[in-house]
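**Q** Just dropping this structure here.
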Amino acid sequence: MKVDLRPWAAPPGDAILAHGEIHLWSFRLDPQDDLQACRNILQAEELRRADRYLDADKADTFIAARCFLRRLLARYTKIPGSDILFSYGPQGKPCLAHERLESLAFNLSHSRDRVVVAVTKNGSVGVDLEYADPDLEFAAIARRYFSEIERQALTRASEPGKSRLFYRLWTRKEAVWKQSGLAPGPEGEPQISPAARSLVRTFSPAQNYLCSLAFEHGTTTIKRFRGQPL
């Protein structure tokens, strides 16, 4: 199925989703962000999650990312960011708890100082972002989660390309897992098979980062934006 993948662009002045569209936002978290202002729009459950992090930098990243998510969803829902309510699936995937907004699906992923958010009205969506660390010892991850075919492909890859191939395979699996809202089963396959109704695209939102997006058939256009909403 052909999907129109638009080039990265500046954030639009409005937030209107046409039929069959996905909006993918990529944003660099700013260490100078007012974290107290961010904490003020988060719900108590989110603050408890942040407080469970042992690493203060990771806690701050979580707070800033959720703040960005709330501010972004406020653009689409016309609900103040602090009033947006989430419900959670069995594996913790959030969705909007507002009955009239059930058709609006979203997913967030962050890695180091960058966050991506996908928003659509065309069914479920999953996104995974990873910083491609060339020094990562990924063999153990591949043994646990990759299929035999994927492990063989990784073995055959040239040394400079092994890391990129690993991250391509890994982000695509993560995106499909997140789209399904379920944990992986044997060899990293989802416990159900969303692959029958999933499409996946992979691209780089920034240098040394790789991102995969899993979405449903019927999607015609993916619009990509860099930066905070206007």
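The values are calculated or read from the model by the stated rules, or taken from the named source; none is laboratory data. If you're wondering where the values come from, they're calculated on a predicted model, not measured in any experiment. Neighbour counts are summed over all protein chains in view; Cβ atoms, including those assigned to glycine, are modelled from backbone coordinates with ideal geometry. Heads up: the accessible areas ignore ligands, DNA and RNA and are worked out on the full protein's heavy atoms, side chains in. Shrake-Rupley method; radii C 1.70, N 1.55, O 1.52, S 1.80 Å.
**Q** In the chain, which cysteines lack any other cysteine Cβ under 4.7 Å from their own?
**A** Lone cysteines by the Cβ rule: Cys95, Cys211.
**Q** Considering only protein heavy atoms, what is the solvent-accessible area of His110 at a probe of 1.4 Å, reported in Å² to the nearest 10?
**A** Accessible surface of His110 is approximately 70 Å².
**Q** So if a site counts as exposed when it's one of the GluC sites (Glu not before Pro), its DSSP state isn't H, G, I, E or B, and it has at most 15 other Cβ atoms within 10 Å, what's the longest stretch of the chain without one?
**A** In short, 1-101.
**Q** Return the FRET efficiency for the residue pair His98, Trp8: r is the Cβ-Cβ distance, R0 is 25 Å, and the value is rounded to the nearest 0.05.
**A** Working: r = 30 Å, r/R0 = 1.20.
After rounding, the FRET efficiency stands at 0.25.
**Q** Looking at the range 1-40, which trypsin sites (Lys or Arg not before Pro) are DSSP coil and have at most 14 other C-beta atoms within 10 Å of their C-beta?
**A** Here the trypsin sites (Lys or Arg not before Pro) that fit, given the DSSP loop and packing criteria, are Lys2.
**Q** Then there's this: Find the accessible area per residue for the chain; the probe is 1.4 Å, ligands and nucleic acids are left out, and the unit is Å².
**A** Ligands and nucleic acids excluded, the result is 51 Å² per residue.
**Q** If you don't mind, there's one more thing I want to ask. Calculate the spin-label point distance for Ala18 paired with Arg168, positioning each point 7 Å from the Cα along the beta-carbon direction, and give it in nanometres.
**A** That separation, rounded to one decimal, is 3.0 nm.
**Q** Take the solvent-accessible surface of the protein heavy atoms, probe 1.4 Å, and return the percent of it on the chain that carbon and sulfur atoms account for.
**A** Whole-percent figure for carbon plus sulfur exposure: 51.
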